[in-house]
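S.K.: Right, I'll just put the structure down here and ask away after.
The values are calculated or read from the model by the stated rules, or taken from the named source; none is laboratory data. All figures in this text were calculated on a predicted structure; none of them were measured in a lab. Cβ placement follows ideal geometry from the backbone for every residue including glycine, while neighbour counts extend to all protein chains displayed. The area values use the complete protein model at the heavy-atom level, side chains included, leaving out ligands, DNA and RNA. Shrake-Rupley method; radii C 1.70, N 1.55, O 1.52, S 1.80 Å.
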Amino acid sequence: MTLIIQPPSGGKLTLHQPQYPASPAAGEEWTDPSTGTVWVYDNGNWILSYNNWSFTIDTEAVTPGVTTFSIITNNPAACYCEIDWGDGQKQPLTIGTGVVTTTHTYAAAGTYEISIRDTSGAFRPYYNNNAEAAKITALGPPWLGYSFGTNLERAWFGGSNITAIAAGMDTSSVTNFLNSWRSCSSLTSFPLID
């Protein structure tokens, strides 16, 4: 097999070879300082940790003093992921199929950025007008190549405090957007999605 890469007329093609750390431990993450790309050492190889996305929450957006937040999913298959709750705690997790709620309790109420690294590609948000949706204040960045599959039905329905959606969300495979952003009444702009 031959791979031919041709830059646009008059363009310049630059290939970047990451300088990985020596003697990594299994599961070790490394961020390439020149590109910001996150890599994970797995089974003797550095692999691109591409299924990452994040969002911001305010645990008190609905009720003052609340210190919990729930991620609600409706996955088409078992989902293997790691959730960084934004408070220094990371939780490796297997989430089953169907509607599943995963709740985290914070030491203090406030605003947190939650990041999800999904190694299965099966993670699907499904807030379906649940009160937890109103605690979400922003979606992304980064998306880091995350693809939401074919179905985003009711994903952020009820997210009345979402004020921003970062550009770059890959929705190229999505065929069902039914009520995805219904009741997201605080949005004043919306990024171009494909």
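S.K.: Along Cα→Cβ, 7 Å out, is where each label goes; now give me the distance between the ones at Thr171 and Ile193 in nm to one decimal.
M.R.: In this crude spin-label approximation the distance works out to 0.2 nm.
S.K.: Show the residues, 5+ positions off or on another chain, whose built amide H is closer than 5 Å to the amide H of Tyr106.
M.R.: Those lying under 5 Å, H to H, from Tyr106 are Thr68, Phe69.
S.K.: Got a sec to turn the phi values of the range 106-113 into Karplus ³J(HN,Hα) couplings, 6.51 cos²θ - 1.76 cosθ + 1.60 with θ = phi - 60°, whole Hz, x for Gly and Pro?
M.R.: Result, rounded to whole Hz: 8, 5, 9, 5, x, 9, 9, 9.
S.K.: Just the accessible area per residue of the range 64-194, please: how many Å² with a 1.4 Å probe?
M.R.: That works out to 45 Å² for each residue.
S.K.: Would you kindly find the accessible area of Ile165, with a 1.4 Å probe and non-protein molecules such as ligands, DNA and RNA excluded, rounding to the nearest 10 Å²?
M.R.: 20 Å²
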